[in-house]
Amino acid sequence: MTHAIDPSQRLRVTEIFTSVQGESTVAGTPCVFIRLTGCNLRCSWCDTTYSFQGGGWQTIGELLAAVAATGQRLVEVTGGEPLLQAGCVDLLQALVDQGYDVMLETSGSLSIAKVPAAVRVILDLKPPGSGEVARNLWENLPLLQPHHELKFVLADRVDYEWMRDVIRDHELVGRVPLLVSPVWETLPPRELVAWILADRLPVRLNLQLHKVIWDPATTGV
């Protein structure tokens, strides 16, 4: 049994928008995104630095109403780093209680232990090129469930080999879907695909679909 959710609890929100999933195993699927404000990391290639500060306070009740108004059933809570905010877990539970298909994108630097079981966690491990590899919370890996997904954003061959070793050393093949994205305009996708095929890695290539459809600098998409 979950605890009662206070709909007046407030979270700082950078933006809410409807788009299509740009990555993950459901890339291309219409989705509502709730981007929470604040991040404890400063990845070298971050494309959402505008979410580090600012935003506006909204209650869980207001967020539920905004999601309901879109008519969509898939919702992703993202950031920044959404788990920095104490109310994030309650927001996730409230969305689950309303019958939504809920996703959480998190850097993996904070524990996912309290994330509601029904939520599809997208855990984004940070390779050396991010500048934040030391912040990975490895205790999260045993907490991954079959409906979760593990994501790697890679800038170069060093990042790729690091990922390959992590997948091997932590025996991740077959546990969760493994997602791989090249850093936009840094690692050519064709080069990454060649490495994947040469090593016969059972991973899924993601290409940040939203950056293909819209100008890469566009926000709210």
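Structural remarks
- The set of residues from region 66-107 being in a loop (DSSP other than H, G, I, E, B) and either of a type outside the set (A, V, I, L, M, F, W, C) or in contact with a Gly (Cβ under 7 Å, 6 or more places away or on another chain) (or both) comprises Gly71, Gln72, Arg73, Gly79, Gly80, Glu81, Gln85, Gly87, Gln98, Gly99, Tyr100, Ser107.
- Some residue of region 17-38 being in contact with a Leu (Cβ under 9 Å, 6 or more places away or on another chain), assigned to a strand (DSSP E or B), surrounded by fewer than 21 Cβ atoms within 10 Å (Cβ to Cβ) and modelled with pLDDT under 95: yes
- Annotation: Gln208 fulfils all but one of (1) over 12 Å from Gly108 (Cβ atoms); (2) within 16 Å of the chain's Cα centre (by Cα); (3) modelled with pLDDT of 95 or more; the unmet one is (3).
- Within the span defined as region 15-28, every residue fails to be β-branched (Val, Ile, Thr) and without any contact (Cβ under 8 Å) to a residue 40 or more places away in the chain.
- Within region 126-143, the set of residues being in a loop (DSSP other than H, G, I, E, B) and either in contact (Cβ under 8 Å) with a residue 60 or more places away in the chain or polar (S, T, N, Q) (or both) comprises Lys126, Gly131, Glu132, Asn136.
- Selection over region 144-155 of residues that are farther than 21 Å from Val119 by Cα and part of a strand (DSSP E or B) gives a count of 2.
- Within the span defined as region 115-133, one or more residues are acidic (Asp, Glu) and within 21 Å of Cys39 (Cα to Cα).
- The residue that is nearest to Met103 (Cα to Cα), among those in region 56-90 that are more than 18 Å from the chain's Cα centre (by Cα) and polar (S, T, N, Q), is Gln72.
- Residues in region 108-118 include none that are under 15 Å from the mean Cα position of the chain (by Cα), part of a strand (DSSP E or B), of a type in the set (Val, Ile, Thr) and under 29 Å from Ala4 (Cβ atoms).
- The lone exception for Ala117 - which of (1) in contact with a Gly (Cβ under 7 Å, 6 or more places away or on another chain); (2) surrounded by fewer than 16 Cβ atoms within 10 Å (Cβ to Cβ); (3) at pLDDT 95 or above; (4) of a type outside the set (Ser, Thr, Tyr) it fails: (1)
- Criterion: buried (at least 17 other Cβ atoms within 10 Å of the Cβ) and of a type in the set (Gly, Ala, Ser) - qualifying residue of Gly87, Gly99, Gly71: Gly87
- Residue check, Phe52 among the hydrophobic types (A, V, I, L, M, F, W, C) and either more than 25 Å from Thr218 (Cβ to Cβ) or surrounded by fewer than 20 Cβ atoms within 10 Å (Cβ to Cβ) (or both): yes
- Counted residues, region 156-188 - those being over 24 Å from Pro146 (Cα atoms), under 20 Å from the mean Cα position of the chain (by Cα) and in a helix (DSSP H, G or I): 1
- Cβ-Cβ distances below 7 Å connect no pair with a first residue in region 179-199 that is on the phi > 0 side of the Ramachandran plot, a second residue that is of a type outside the set (A, V, I, L, M, F, W, C), and a separation of six or more residues or different chains.
The values are calculated or read from the model by the stated rules, or taken from the named source; none is laboratory data. Since this is a predicted model, take the numbers as computed values, not measurements. No Cβ is skipped: glycine too gets one built from the backbone with ideal geometry, and neighbour counts run over all protein chains shown.
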